[in-house]
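Novice: Input: one structure, supplied below.
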């Protein structure tokens with residue numbers, strides 16, 4: 001029974017005005033963002049004479065890379081429908097761990113491993129609290145942001161922790177083939193995460209779980225496993241970002257990482273990752289990172305006071321949210 | 001009620017044509033609703049029903065033709081013009097604010113005030129009382145939060161709101177889709193009362209069976225054109241279906257099966273607090289078992305219990321289970337994903353080799369299901385939301401076929417699904433049964449249960465009140481048991 005003719009007729013009018021393919025939609029917004037980055041760069045190149053110099057470009061790149069590594073990390077849980085607001089505090093706490101190890105003479109790789117393990121542990125903790133207790137991850141990580149940050153102040157007594165060693169300093173201050181090392185690290189993190197999303201079933205699960213967690217759960221997928229793993233990844237990335245800052249500065253204070261909260265979040269949202277989950281790209285986040293870095297630096301060069309930059313960053317974040325909403329309503 | 005031809009129609013579309021990029025949604029459609037008439041509009045998804053209602057409601061300006069109200073040609077520049085002309089659209093998408101009271105929802109935007117600014121709550125409640133009574137919601141307190149009402153009650157609140165503002169033409173888009181038989185009967189009483197008060201009603205439904213009870217005339221749309229307009233008394237179900245789909249639908253329901261295998265799903269004195277009590281039933285391989293019950297009977301929830309989403313004692317399952325949930329939008333569809341991914345989500349762990357995800361394997365799987373289930377459009381990368389409800393539902397069923405599920409559990413399997421796709425879904429279920437699957441459905445659609453099931457349990461208030469099998473399954477006996 002039921003031949004194919006009527007089914008073919010059905011696809012007509014109902015599908016008509018909306019039958020755009022998903023990929024075109026996403027690609028067009030990434031290309032649009034890339035165009036914005038180019039346009040903003042062109043404007044600053046024109047009005048800020050020192051913008052297009054090798055040393056300035058290296059500065060922009062290095063400054064962006066620091067919070068960029070963390071922003072790339074939180075892209076993963078956000079795609080899976082879990083927002084990680086605690087990454088800044090994880091940066092601080094993990095960096096303090098690494099710095100303390102270095103100060104007491106632990107070899108560099110081992111000290112870094114301690115920091116990364118701290119990030120992994122805190123990320124898993126975020127995931128377990130949110131999924132096992134069925135709480136909103138945004139609120140959970142707002143809580144752990146405060147908890148982790150508080151612990152960082154307690155264990156350091158609000159004193160700086162030095163991170164000695166020339167090898168270690170190379171991570172934050174060095175150059176490789178003329179490009180700052182933090183940029184290489186950021187690109188490596190971005191590349192790995194892009195591959196993870198694209199070429200593993202875990203990456204595909206992140207999209208499914210973020211798109212509709214109820215439907216995913218009724219489809220037999222484990223929301224908890226996917227989100228805990230995703231938050232663990234952002235924990236490790238945050239730890240790495242903290243280590244790079246420490247290497248660059250030669251020391252770390254409690255509260256350092258928390259300063260990057262807004263920029264990190266803004267980069268991801270500007271990059272087109274939906275706050276409600278289910279869509280997002282690593283390339284988008286990278287473009288978001290560059291855009292924020294360029295705007296910051298350009299305004300500096302033009303002589304706009306620092307307080308205005310805070311205002312502008314906030315406005316860019318809100319603007320990105322508006323675009324996120326518009327994009328959402330088109331689906 | 002025979003329409004009076006001499007006086008002008010209450011509302012009419014005259015030669016309306018509407019184009020969307022690449023498709024003509026309406027092609028020279030002429031159609032009218034008379035004063036005191038219930039005019040039903042039938043058609044498959046995509047036939048142009050919703051486009052026509054949107055033209056009448058002023059949402060879309062026609063590309064050719066016009067709309068008349070009482071013989072006066074209307075220039076709709078916005079939906080406000082249609083509202084001023086007395087045209088009220090009640091769609092399937094709920095527009096109520098769940099956190100506000102019934103009264104606030106009904107009179108939203110026109111809340112009565114005292115001294116210019118203060119909300120006159122007593123007056124508001126008094127007027128809401130009258131409006132709620134009119135739609136059969138005598139038991140609902142005007143101050144009650146709308147989100148706490150059952151879906152059927154929310155629907156009636158929505159109708160009350162449409163009527164509260166001097167509506168002359170009421171467009172009801174599938175008003176009974178989520179209603180039980182009892183609630184449908186109550187809604188029909190309301191509609192008849194409105195008709196005798198001179199309101200014209202444009203009634204859209206997929207349920208051909210109910211048109212005889214409520215409509216005066218019926219117009220069938222097919223591919224954007226008017227296929228026919230009849231007095232309902234002069235129509236037959238078969239004739240209407242033929243006009244809708246442009247061919248004979250030989251059998252809506254597949255032939256009943258006769259031999260069954262081993263038990264695949266067993267409820268043994270299962271109790272889930274707040275849902276069901278002491279349920280015992282067995283679904284064998286090769287068998288379709290339906291649980292039938294009105295809204296609130298707990299029937300809809302049983303597949304969730306079987307699937308372990310609502311854990312209960314004494315549920316035994318052998319085989320690979322797949323659940324098709326009742327609320328397609330909230331519980332089944334991945335709205336930001338492609339048709340491909342919606343077909344493959346439960347099987348995503350399979351498309352890999354040595355831990356590397358293989359897009360090509362997923363693609364091939366999706367293409368296979370699209371072809372065997374005749375999903376339209378046959379485009380793996382299409383947005384799932386660009387598919388008709390019927391095709392979306394085929395996708396949700398198809399994802400379990402792809403997973404290899406052989407115990408299929410479906411809650412309201414054809415809600416919001418047009419008649420062509422409905423028959424296809426029934427055929428798919430029957431063919432899975434023939435291949436040794438066990439099928440368990442929960443439905444409040446009495447025709448579906450009577451037509452499809454080999455065995456039926458009827459539920460009321462969480463308990464089984466009747467068991468029917470084979471030829472003993474008739475709509476009369478089902479209805480009698482469910483309302484007992």
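Each reported figure results from applying straightforward, stated rules to the coordinates on display, with no laboratory input. Here the structure is a predicted model, which means the values were calculated and not measured. Virtual Cβ from ideal backbone geometry, glycine too; neighbours counted across all protein chains shown.
Novice: Quick one: compute the contact order of region B:11-245, relative version, from alpha carbon pairs under 8 angstrom and 6+ residues apart, as a percent. Intermediate results must be reported in sequence, preceding the final value.
Specialist: Values: 449 pairs, mean separation 67.3, N = 235.
Once divided by the residue count of region B:11-245, the mean separation gives 29 percent.
Novice: Which order results if A:129, B:441 are arranged by neighbouring Cβ count within 10 Å, fewest first?
Specialist: Working: A:129 17, B:441 28.
By the 10 Å Cβ count, ascending, the order reads A:129, B:441.
Novice: Highest GNM mean-square fluctuation, chain A, Cα pairs closer than 10 Å: which of A:141, A:200, A:226?
Specialist: A:200
Novice: Give me B:403, B:374, B:256 sorted ascending by neighbouring Cβ count inside 10 Å, so fewest comes first. All intermediate terms of the calculation are to be shown ahead of the outcome.
Specialist: Values: B:403 21, B:374 18, B:256 14.
Arranged by neighbour count, lowest to highest, B:403, B:374, B:256 become B:256, B:374, B:403.
Novice: Let me ask something else. Could you work out how far helix A:137-156 tilts from the main Cα principal axis of chain A, as a 0 to 90 degree angle to the nearest 10?
Specialist: Its long axis makes an angle of about 10 degrees.
Novice: At q = 0.07, 0.09, 0.15 Å⁻¹, what base-10 log of I(q)/I(0) does the Debye formula yield for region A:50-326 when every alpha carbon is treated as an equal point scatterer in vacuo?
Specialist: -0.23, -0.39, -1.09
Novice: Scaled to the compact-protein estimate 2.2 N^0.38 Å, what is the alpha-carbon radius of gyration of the protein assembly as shown, rounded to two decimal places? Don't jump to the answer; show the numbers that get you there.
Specialist: Working: Rg = 30.8 Å, N = 815, 2.2 N^0.38 = 28.1 Å.
Cα Rg divided by the expected 2.2 N^0.38 Å: 1.09.
Novice: Taking each residue of B:411-420 in turn, how many C-beta atoms of other protein chains fall within 10 Å of its C-beta, and what is the average?
Specialist: For this peptide, the per-residue mean of nearby foreign Cβ atoms is 1.
Novice: If you don't mind, there's one more thing I want to ask. State the antiparallel share, in %, of DSSP beta bridges confined to the protein assembly as shown, rounding to the nearest 5. Before the final figure, lay out the partial values.
Specialist: On the way: 47 of 83 bridges.
Percentage antiparallel, nearest 5: 55.
Novice: Summarise the long-distance tail of P(r) for region A:53-128 by giving the % of C-alpha pairs beyond 20 Å.
Specialist: Values: 1267 of 2850 pairs.
So the pairs more than 20 Å apart make up 44 percent of the total in region A:53-128.
Novice: Return one quarter of the surface area of the convex hull spanned by the alpha-carbon atoms of region A:141-189, equal to its mean projected area, in nm². It would help to have the intermediate numbers written out before the result.
Specialist: Numbers: hull surface 20.6 nm².
Value for region A:141-189: 5.2 nm².
Novice: Rank these for me by crowding, B:60, B:253, A:260, going from fewest to most other beta carbons within 10 Å.
Specialist: Numbers: B:60 20, B:253 17, A:260 24.
Going from least to most buried by this count: B:253, B:60, A:260.
Novice: Write down the percent of antiparallel bridges among all DSSP beta bridges whose residues are both part of region B:11-245, to the nearest 5.
Specialist: On the way: 24 of 41 bridges.
Around 60 percent antiparallel, to the nearest 5.
Novice: A further question follows. Under the definition of partner shielding as Cβ atoms of other protein chains within 10 Å of a residue Cβ, what is the mean value for peptide A:315-327?
Specialist: Values: counts 0, 0, 0, 0, 0, 0, 0, 0, 0, 0, 0, 0, 1.
Average neighbour count from other chains, rounded to a whole number: 0.
Novice: Now for a different question. Taking only C-alpha pairs under 8 Å that are 6+ residues apart, what is the relative contact order of chain B in percent? Please report the intermediate quantities before stating the final value.
Specialist: Details: 988 pairs, mean separation 74.6, N = 484.
For chain B, the relative contact order is 15 percent.
Novice: While we're looking at this one, here's another question. For B:317-324, what's the mean count of beta carbons from other chains sitting within 10 Å of each residue's beta carbon?
Specialist: Working: counts 0, 0, 0, 1, 1, 3, 3, 1.
Other-chain Cβ atoms within 10 Å of each residue's Cβ, averaged: 1.
Novice: Okay, moving on. Report, in degrees rounded to the nearest 10, the 0 to 90 angle that the Cα long axis of helix A:261-270 makes with the longest principal axis of chain A.
Specialist: On a 0 to 90 degree scale, this one is about 30.
Novice: Quick one: divide the alpha-carbon radius of gyration of chain B by 2.2 N^0.38 Å and tell me what you get.
Specialist: Details: Rg = 23.7 Å, N = 484, 2.2 N^0.38 = 23.0 Å.
Normalised by 2.2 N^0.38 Å, the Cα Rg of chain B equals 1.03.
Novice: Something else: How big is region B:11-245 by Rg and Dmax over its Cα atoms, in Å?
Specialist: Gyration radius and largest Cα-Cα distance of region B:11-245: 18.2, 60 Å.
Novice: Okay, moving on. As I understand it, the value is the acute angle between the Cα axis of helix B:151-163 and the longest principal axis of the Cα atoms of chain B; what does it come to in degrees, rounded to 10?
Specialist: Computed tilt is about 10 degrees.
Novice: Restricting to DSSP H runs of at least four residues, report the calculated mean residue ellipticity at 222 nm for the protein assembly as shown, -39500 (n - 2.57) per run over all residues, nearest 500 deg cm²/dmol. All intermediate terms of the calculation are to be shown ahead of the outcome.
Specialist: Details: 29 runs with 399 residues, N = 815.
Estimated from H runs of four or more residues: -15500 deg cm²/dmol.
Novice: Tell me, how many Å apart are the Cα centres for region A:238-262 and for region B:407-426?
Specialist: Cα centroid to Cα centroid, the span is 56 Å.
Novice: Please compute the contact order of chain A in relative form: average sequence separation of alpha-carbon pairs under 8 Å and at least six residues apart, divided by the residue count, as a percent.
Specialist: In percent, rounded to a whole number, it is 31.
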